[in-house]
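One structure below.
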Amino acid sequence: MWLRFKPTHVVLTMLCIMYFITYVDRVNIGTAASEIQKELHLSNTQLGLVFSAFAYPYLLFQVIGGWVGDRFGPRKTLFWCGLIWAAATIMTGFVTSLLTLFMARVALGFGEGATFPTATRAMQYWTPANKRGFAQGLTHAFARLGNAATPPLIAVLMAWLTWRGSFIALGLVSLLWGAVWVLYFRNEPKDHPDITAAELASLPPRPANTRPQVPWGPLIRRMWPVTLTYFCYGWTLWLYLNWLPLFFKNNYSLDIKNSALFASGVFFAGVVGDSLGGILSDRIFKKTGNVRLARLSVTVTGFAGAFLSLLPILFSHDITIVALCLSGGFFFAELVIGPIWSVPMDIASKYSGTAAGLMNSGSALAAIVSPLVAGYVIDVTGNWYLPFLMSMGLLLLGCFCAFLMHPETPFETGDAILPTERPVAAE
C-alpha cells in the first residue's frame, strides 16, 4: 500500500525547500567572497556594494511581487521567480568584473523579490489560521538551515568545482524546484486532485473576490509599524548573512574551511530560533486567545535577548566566547520570524501577499544599507566589531517599535482571528 501524504503537508514541505534554496542562493556569495574578492581585486567597500546589489530589486519587488502573487496566484508567480533566480545564480558563475557580478546579484534579487510575500499568500489558504506561526516559523527555519548549510556546502563545492562551478550547480537545483512546484501546486486547495473534504474543512474559507483591489493608502498606514520593526531585525540579519564568514576568516586569520564551520555553527542557532518562535507564538495564542500578546511577547523577547547576547563581544575577543555570543544573538533574533510573518496574515487576510511585501520591504531596505555601512566602516576603521555594535542599537529600537504593531485589529471588519478553527462546510 502506498503511503499517502496530505497535500497541505506536501505544499508546506515544498515551501520549506524553496526557502532553503533561496537562502543558499543568496548567501553563497558570503562564503565564496574571499576567492571572488581576490580574483576580481575588490575592496571591502566594493564587496559591500556587491552584497547590497541583491537588495535593490529585492526591495522594489517586495510590494510589486506581493501584489503579483495576490493578483495571479502563487503557482505561476513562484514558477517564474524560480526561473529567474536560477538563471541569475548560474550567471554568477560566469562573471568577469565588478560590474557583471553586480548585475548578476541584481538579477538574483529580481527573481527572489516576490518569493516570500507570494509564499505567504500560498500559506494563507493552505494553512489553518491557528497554525500560521508554526508554518511561518518552520519555513523560515529552513531558510536559516540554508544559511547554516551554505558555508560548508560552498566550501566543498569550491574545492570540487571551483567557486564558479558551485554557483552553476546550485542554479540547476533551483530550476528543478520550479518544475516540481508548477506541476504539483494549485492556487485553490479545492482544485488539487488529492485534497480531501476533511482537509478543506480545516482551511480558512476563501473570499468571494480572489483578486481584490488593494486599498494602498490605508494598508500602508496599518503596516508601517510592522515594516519599521522588521527593518530593525533585517539590519542584523543581513550583517550576519553577508559578513559573518569573512568576520571569522579575517578577524581570526582562519582558512575558508574553518571560517565556514564557525559561521555554520552560528547559523544553526537560527534554525532553532525560527522553529521555536512560531511554536511559542501559536501556543500563547491558543491558550489566551490574545493575538497581540502572542505576537508581541515573542517578538520583544527576541529583540531583547539578541541585544543582551551580543553585549559580551564588547569586552571579550576570544573566538569561542564571540562565537557563542553571536550564536545566542542569532537564536534570539530569529525568534522574531514566526510571529512577525504571521502579522500580515493577522491584519490583512485578503491582501496578505501585499501586506507581507510591505513588511519585508523593511528587511530589503536593511539589506541595502547594512552591508554597505559595514563594508565602509571596516575599510575606514579596520574594526570588525563596530558593525555588530551598530546592530545592537537597531535591536533596541526594534524592541520598542514592536509595541506599535496591532495584529489584534483586522484591516477589514469581519476578519477577526480566533485561536481555534471554526469548521467550514466542505464543498
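The values are calculated or read from the model by the stated rules, or taken from the named source; none is laboratory data. Small disclaimer: the values here were computed from a predicted structure and weren't measured. Reconstructed Cβ throughout: ideal geometry from the backbone, glycine too, with neighbour counts over all protein chains shown. With ligands, DNA and RNA removed, areas are computed over all heavy atoms of the protein, side chains included. Shrake-Rupley method; radii C 1.70, N 1.55, O 1.52, S 1.80 Å.
The table below lists the values:
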item: Kirkwood Rh (inverse of mean 1/r, distinct Cα pairs), the range 307-374, angstrom; result: 14.2
item: Kirkwood-Stokes translational diffusion coefficient of the range 1-67, alpha-carbon pairs, 25 °C, 0.890 mPa s, µm²/s; result: 164
item: Backbone HN-Hα couplings from phi across the range 8-15 [Karplus 6.51/-1.76/1.60, Hz, Gly and Pro as x]; result: 4, 6, 5, 4, 4, 4, 5, 5
item: Residue-averaged 222 nm ellipticity for the chain, from DSSP H runs of 4+ at -39500 (n - 2.57), nearest 500; result: -27000 deg cm²/dmol
item: For residue 349, solvent-accessible area (1.4 Å; no DNA, RNA or ligand), Å²; result: 30
item: q = 0.14, 0.20 Å⁻¹, the range 185-274: log10 I(q)/I(0) [Debye, one scatterer per Cα]; result: -0.83, -0.96
item: Residues listed by number, the range 279-307, amide nitrogen under 16 Å from residue 221 label point at 7 Å toward C-beta; result: none
item: J(HN,Hα) series, the range 291-300, from Karplus relation 6.51 cos²θ - 1.76 cosθ + 1.60, nearest Hz, glycine and proline x; result: 5, 5, 4, 5, 7, 6, 4, 6, 4, 5
item: Extension gain from residue 272 to residue 188, taking 0.36 nm per residue of separation minus the Cα-Cα distance; result: 27.1 nm
item: Volume per residue that the Cα convex hull of the chain spans, once the total is divided by residue count, Å³; result: 135
item: Solvent-free Debye scattering, log10 I(q)/I(0), computed from the Cα coordinates of the range 66-124 at q = 0.17, 0.20, 0.25 Å⁻¹; result: -0.55, -0.67, -0.87
item: Kirkwood Rh, angstrom, the range 262-411 [1 / mean 1/r, Cα pairs]; result: 16.4
item: Share of carbon and sulfur in the accessible heavy-atom surface of the chain [1.4 Å probe, %]; result: 70
item: Förster radius 45 Å - calculated FRET efficiency between residue 283 and residue 100 (Cβ-Cβ, nearest 0.05); result: 0.40
item: For the range 223-341, alpha-carbon Rg relative to the globular expectation (2.2 N^0.38 Å, N residues); result: 1.15
item: Accessible area of residue 401 in the full protein assembly, 1.4 Å probe (Å², nearest 10); result: 10
item: Cα-Cα pairs of the range 56-157 separated by more than 21 Å (percent); result: 45
item: On Cα atoms only, tilt of 115-126 relative to the major axis of the chain in degrees; result: 30
item: Three principal axis lengths of the range 55-98 [C-alpha, angstrom, descending]; result: 38, 20, 7
item: Volume in Å³ per residue [convex hull over Cα atoms, computed for the range 1-134]; result: 137
item: Other-chain or far-sequence residues with amide H under 5 Å of residue 411's (modelled H); result: 348, 349
item: Per DSSP, loop chymotrypsin sites (Phe, Trp or Tyr not before Pro) in the range 34-114 with at most 13 further Cβ within 10 Å; result: 94
item: Accessible area expressed per residue, the chain, with surrounding protein chains retained (probe 1.4 Å, Å²); result: 39
item: Using alpha-carbon coordinates, inclination of helix 352-381 to the longest axis of the chain, degrees; result: 10
item: Choice from 47, 172, 394 showing the highest fluctuation, given a GNM over the chain with Cα pairs closer than 10 Å; result: 172
item: Karplus-derived HN-Hα couplings along the range 193-198 (A = 6.51, B = -1.76, C = 1.60, θ = phi - 60°), whole Hz, x at Gly and Pro; result: x, 9, 6, 10, 4, 5
item: Folded to 0 to 90 degrees: helix 386-401 orientation relative to the chain principal axis, Cα; result: 20
item: Efficiency of FRET between residue 172 and residue 320 - r from beta-carbon atoms, R0 35 angstrom, step 0.05; result: 0.40
item: Debye equation applied to the C-alpha atoms of the range 141-207, log10 I(q)/I(0) at 0.15, 0.16, 0.18 Å⁻¹; result: -0.70, -0.74, -0.80
item: Geometric extent, Cα atoms of the range 117-256 - Rg, Dmax (angstrom); result: 20.4, 60
